[in-house]
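Some notes on the structure that comes next.
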Amino acid sequence: MATAAASRLLRRALNPAVARRRFSTAAVAAETPPSPLPSATGEEEAGMVSMKGVRISGRPLYLDMQATTPVDPRVLDAMLPFYLSRFGNPHSRTHLYGWESESAVEAARASVAALVAADPKEIFFTSGATESNNISVKGLMRFHRARKHHVITTQTEHKCVLDSCRHLQQEGFEITYLPVRPDGLVDLGHLADAIRPDTGLVSVMAVNNEIGVVQPLEEIGRICREKGVVFHTDAAQALGKIPIDVEKMGIGLMSLSGHKIYGPKGVGALYVRRRPRVRIEPQMNGGGQERGIRSGTVPTPLVVGMGAACDIAMKEMNYDGRRISALQERLLNGIRAKLDGVVVNGSMEHRYPGNLNLSFAYVEGESLLMGLKEVAVSSGSACTSASLEPSYVLRALGVDEDMAHTSIRFGIGRFTTEAEIDKAIELTVGQVEKLREMSPLYEMVKEGIDIKSIQWAQH
């Protein structure tokens, strides 16, 4: 009763913000903080939001689902009791508070395992996919350092996998960074040829966070099984969005994230195969929680939230997939109907539809992003989008530097509406047309001049 009352109070407190929100139904409602900048009249204008020097009328619509997703209200309902009344430490063995928290953690573990067709004993909770990737890559190779000295990964992996590999290189391990095809998929022949007798790990991301391509996990798993090599996949962007079966796909290690599937931030999971057993060296020392793999108190509310998010994904994955596919088609067709020179980055056939990465020719990407203040989109990974360098993922696909600079990633999710898609089309088309009107290059192209054939004078 207390929990239900608290939940109602929370929703009531958030309602005024919901009423003021102009565009997004996806973003979790939050009270708009007072503007740090005075308005033109010296008074704060009604409905205006000002932050980091940007002023817009209302909260922007949210199309950055690869960066993070809003918490599903059903997930929040599941979490609240473990903040308010059932707050025990799940490792406390002597009283009810600990027992009920432990029971909730194990139920959540079973929910995560069910979504990937694993045994609950193979699921270990962590702080997120970054930690899971570090444990997988470093932990396995350090455990087998006497016999295994070689890791294979791709040039388009998440930064935490690439940086973990670079740390291993500093310790004397050898890393092969496989190139990908222009559609973003790994060449299976090159992968098989790269495996050596001392190869300990193959790490390939399931769904790319920047371009959304889905790698052939089953085929990669089969190659690794035949060669006797452990297959690790970063499935942060795949969990709850595409079907995953760890046995069928031959996965030995897998990294998962809570906040990519409408769960809370700060929690993730690591799948570690039991038969045949995959051995890894813990990367954190302490009380030996999570059977020694990951020491530290398990955060019961966060874990419960991730479990609830997995339960919902299990039931609604097919429905979400059909709906998101229709919205992606609406967005792409709407933009292409009004603009030329629009290129989809990555394979369209092997792709998660909620990720649409587009390049707009003859437009500067940062200018386009700045012009789209009323749409929350990204130029790539949230972990690297602060950099002005073109995306390393797009460069690995062979995308020209000028086109890589113009890329925008649209992320569509469970709560995205048709109205938001239509608004995003309107704002994107308007801004691209505005920028192209100022572009002498676009004017030359419209006049039939081949820009690539021009030899520009150097001064």
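The values are calculated or read from the model by the stated rules, or taken from the named source; none is laboratory data. Model, not experiment: these values are computed from the prediction. Heads up, the Cβs are rebuilt from the backbone with ideal geometry, glycines too, and the neighbour counts pull from every protein chain shown. The area values use the complete protein model at the heavy-atom level, side chains included, leaving out ligands, DNA and RNA. Shrake-Rupley method; radii C 1.70, N 1.55, O 1.52, S 1.80 Å.
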With Rg and the Kirkwood Rh both taken from Cα atoms, where does Rg over Rh land for region 73-312?
0.98
Per residue of region 144-153, what does 6.51 cos²θ - 1.76 cosθ + 1.60 with θ = phi - 60° give for ³J(HN,Hα)? Whole Hz please, x for Gly and Pro, Karplus curve as stated.
9, 4, 5, 10, 10, 10, 10, 10, 10, 9
Net charge near residue 424 (other residues with Cβ under 13 Å of its Cβ; Lys, Arg +1; Asp, Glu -1) is -1
Stokes-Einstein D for region 175-329 at 10 °C, 1.306 mPa s, Kirkwood Rh over Cα pairs, in µm²/s?
93
Under the Karplus relation 6.51 cos²θ - 1.76 cosθ + 1.60, θ = phi - 60°, what is the ordered set of whole-Hz ³J(HN,Hα) values for region 356-373, x standing for Gly and Pro?
10, 9, 10, 10, 10, 5, 6, 10, 8, x, 5, 5, 5, 4, 5, x, 8, 5
Here the Cα Rg-to-2.2 N^0.38 Å ratio for region 84-156 is 1.52
Give me the distance in nm between label points sitting 7 Å out from Cα along the Cα-to-Cβ direction at residue 68 and residue 395, one decimal.
2.8
Quick shape check on the chain: root eigenvalues a ≥ b ≥ c of the Cα gyration tensor, a/c under 1.5 is rounded, otherwise prolate if a/b tops b/c, else oblate, and it reads oblate
Taking amide H positions as placed in the peptide plane 1.01 Å from N, state which residues far from residue 259 in sequence (5 or more) or on other chains have amide H under 5 Å from it.
266, 267
Under 18 Å from residue 52, Cα to Cα: lysines that are on another chain or at least 8 residues apart
373
What's the FRET efficiency of residue 171 with residue 330 using the Cβ-Cβ distance as r and R₀ = 41 Å, to the nearest 0.05?
0.25
Tell me which residues come under 5 Å, amide H to amide H, from residue 176 once H is placed; ignore anything under 5 positions away on its chain.
151, 152, 153
Using a Förster distance of 51 angstrom, determine the FRET efficiency expected from the C-beta separation of residue 337 and residue 315, and round it to 0.05.
0.90
Helix-only estimate, please: 222 nm mean residue ellipticity of the chain, summing -39500 (n - 2.57) across DSSP H runs of length 4 or more and dividing by its residues, to the nearest 500.
-12000 deg cm²/dmol
Determine the relative contact order of the chain: mean sequence separation of Cα pairs under 8 Å and six or more apart, normalised by residue count, in whole percent.
19
Heavy atoms only, probe 1.4 Å: what % of the accessible area of region 294-359 goes to carbon and sulfur, would you let me know?
51
Restricting attention to region 82-163, which trypsin sites (Lys or Arg not before Pro) occupy a DSSP loop and are surrounded by at most 13 other Cβ atoms within 10 Å?
93, 147
Considering Cα pairs under 8 angstrom that are at least six residues apart, work out the relative contact order of region 317-442 and quote it in whole percent.
36
Which lysines have a Cα lying under 23 Å from the Cα of residue 248, excluding residues fewer than 8 positions away in the same chain?
121, 227, 315
From the gyration tensor of the Cα coordinates in region 317-442, what semi-axes in whole Å does the equivalent ellipsoid have, largest first, with each one equal to sqrt(5λ)?
23, 17, 13
Can you give me the relative contact order of region 73-312 as a percent, contacts being Cα pairs under 8 Å and 6 or more apart?
28
Write down the accessible area per residue of the chain in Å², having rolled a 1.4 Å probe over the full set of protein chains.
46
